[in-house]
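Undergrad: Can you keep this structure in mind? I'll have questions shortly.
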Amino acid sequence: QKQKQKQRNKSQDSDTMDVFDKRHQLELCVEVDNYFAYALEARTDLPRRWLNLPLPVPILSLTCALGGERREIHVYPTLQFVYSHHIQASYITQEVKDALGSHPDPDGVCARFLAASSARRAGEAPPGPELAHAQAGASVDPAPRSPRRSNNSDAAQQLEIKVRVNHVRQSPQFTLAAISEGVYLLGMKDQFNAYDLPAHPLADRIQYVIDEVGLVLFDRGAGGASRALDSLGPYFIENYILLEVLSKQEVAQNVLEYYVYHKEKLQRSLESYSEAQGKGFICWRFLMNEAVKQARADAASARASPVPAEGG
């Protein structure tokens with residue numbers, strides 16, 4: 001046990017030194033006479049605005065089979081997430097540095113991000129090497145799998161989840177903002193909060209925000225959002241594929257297993273769920289309880305219905 005701990009500490013020290021290596025640093029600068037006075041106004045505080053900028057290079061890319069077709073999912077980090085300890089230093093390449101420069105223009109960076117994400121969705125960007133889902137992130141000392149995950153591993157195989165690129169360390173704390181199907185922003189834990197979101201450069205394009213355990217923090221379609229598993233919304237299956245890859249959450253494992261083996265039952269449960277206890281499959285117990293109640297009510301109604309006599 002001590003030997004394993006020593007090896008783990010040595011690997012962590014090596015990773016830390018790698019992050020601080022000059023070739024893996026992003027240097028941004030702004031010169032002001034009085035930064036305290038400069039930072040009082042959020043609209044003119046460029047470093048604060050820079051931290052919310054999306055980088056046009058995916059930090060996580062994967063493919064999966066949904067609805068009989070092969071889909072690509074790309075996750076792009078914010079600059080603040082890149083400055084965290086949740087990424088692998090190998091992400092910060094010359095391409096990432098060139099995308100920002102030393103004094104980035106927020107509007108220009110967002111325009112390049114939207115163009116790059118659209119090009120990837122259209123298949124105009126070259127795909128990376130494909131890794132098996134079970135091997136993704138293997139260099140980051142993955143946690144041992146419990147027996148329960150064997151079922152979910154089978155569900156992942158059924159969905160043909162293949163990770164092409166993954167520069168995110170194991171078990172990060174994050175928020176995930178959906179731009180469109182297959183395009184997501186990865187921010188720090190409290191980055192997309194209700195107070196800062198309106199000032200985000202892509203605020204009008206963000207459809208909903210969830211965190212690493214599946215809590216729905218923001219939903220643009222509140223009150224009339226789609227309850228479908230196969231279209232953009234808080235219950236979209238892509239969310240739970242990403243949660244499974246990034247944070248190995250049990251709720252994600254349950255959703256994937258039900259999606260593969262009991263999809264119709266899961267959709268019916270979703271349609272009957274009132275959201276009184278909250279949004280998202282994080283409310284799994286309440287959602288499934290309502291489905292059970294509805295099934296019992298339907299069975300009781302069927303038993304109470306008179307059966308017409310033959311010939312009458």
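Undergrad: Sort out which residues of region 183-209 are in contact (Cβ under 8 Å) with a residue 24 or more places away in the chain, surrounded by fewer than 23 Cβ atoms within 10 Å (Cβ to Cβ) and more than 18 Å from C110 (Cβ to Cβ), and write them in order of number.
TA: M188, N193, A194
Undergrad: Restricted to region 61-110, and to residues that are of a type in the set (V, I, T) and closer than 16 Å to L202 by Cα, which residue is surrounded by the most Cβ atoms within 10 Å (Cβ to Cβ)?
TA: T78
Undergrad: Ok, one more. Pairs, please: C-beta under 8 Å, at least 6 apart or cross-chain, first residue under 10 Å from S247 (Cα atoms) and in region 155-174, second open to solvent by 80 Å² or more (accessible area, probe 1.4 Å) and at pLDDT below 95?
TA: These pairs meet every condition: R169/H85; Q170/D141.
Undergrad: Give me the pairs, please: first residue somewhere in region 266-277 and on the phi < 0 side of the Ramachandran plot, second residue anywhere and part of a helix (DSSP H, G or I) and of a type in the set (D, E), beta-carbon distance under 8 Å, and either six or more positions apart or on two chains.
TA: S269/E290; S272/E290; Y273/E290; S274/E290
Undergrad: Then there is this: Which one of these does S146 not meet: (1) at pLDDT 90 or above; (2) part of a loop (DSSP other than H, G, I, E, B)?
TA: Failing condition for S146: (1).
Undergrad: Examine region 25-47 for a residue that is open to solvent by less than 70 Å² (accessible area, probe 1.4 Å), in contact with a helix residue (DSSP H, G or I) (Cβ under 9 Å, 6 or more places away or on another chain), at pLDDT below 75 and closer than 26 Å to S171 by Cα, and state whether such a residue exists.
TA: For region 25-47, residues open to solvent by less than 70 Å² (accessible area, probe 1.4 Å), in contact with a helix residue (DSSP H, G or I) (Cβ under 9 Å, 6 or more places away or on another chain), at pLDDT below 75 and closer than 26 Å to S171 by Cα: present.
Undergrad: Those residues that are in contact (Cβ under 8 Å) with a residue 40 or more places away in the chain and not aliphatic (A, V, I, L, M), I need them from region 236-249; list them, please.
TA: F236, E238, N239, Y240, E244, S247, K248
Undergrad: Restricting to region 243-259, what's the tally of residues that are surrounded by fewer than 23 Cβ atoms within 10 Å (Cβ to Cβ) and more than 18 Å from L287 (Cα to Cα)?
TA: Counting residues in region 243-259 that are surrounded by fewer than 23 Cβ atoms within 10 Å (Cβ to Cβ) and more than 18 Å from L287 (Cα to Cα) gives 3.
Undergrad: Now, a different point. Answer yes if at least one residue in region 222-229 is under 21 Å from S272 (Cα atoms), surrounded by 16 or more Cβ atoms within 10 Å (Cβ to Cβ) and modelled with pLDDT of 85 or more, and no otherwise.
TA: Scanning region 222-229, I find at least one residue that is under 21 Å from S272 (Cα atoms), surrounded by 16 or more Cβ atoms within 10 Å (Cβ to Cβ) and modelled with pLDDT of 85 or more, so the answer is yes.
Undergrad: Shifting gears a bit: Report every pair of residues separated by at least 6 positions or lying on different chains whose Cβ atoms are under 7 Å apart, first residue within region 77-94 and closer than 10 Å to G187 by Cα, second open to solvent by 20 Å² or more (accessible area, probe 1.4 Å) and not in a loop (DSSP other than H, G, I, E, B).
TA: T78/L51; L79/L51; Q80/L51
Undergrad: Among A125, A99, A136, which is at pLDDT below 50, among the small types (G, A, S) and within 26 Å of V245 (Cβ to Cβ)?
TA: After applying the criteria, what remains is A136.
The values are calculated or read from the model by the stated rules, or taken from the named source; none is laboratory data. Just so you know, these numbers come straight off a predicted model, no measurement behind them. Virtual Cβ from ideal backbone geometry, glycine too; neighbours counted across all protein chains shown. These accessible areas exclude ligands, DNA and RNA; they are computed on the full protein's heavy atoms, side chains included. Shrake-Rupley method; radii C 1.70, N 1.55, O 1.52, S 1.80 Å.
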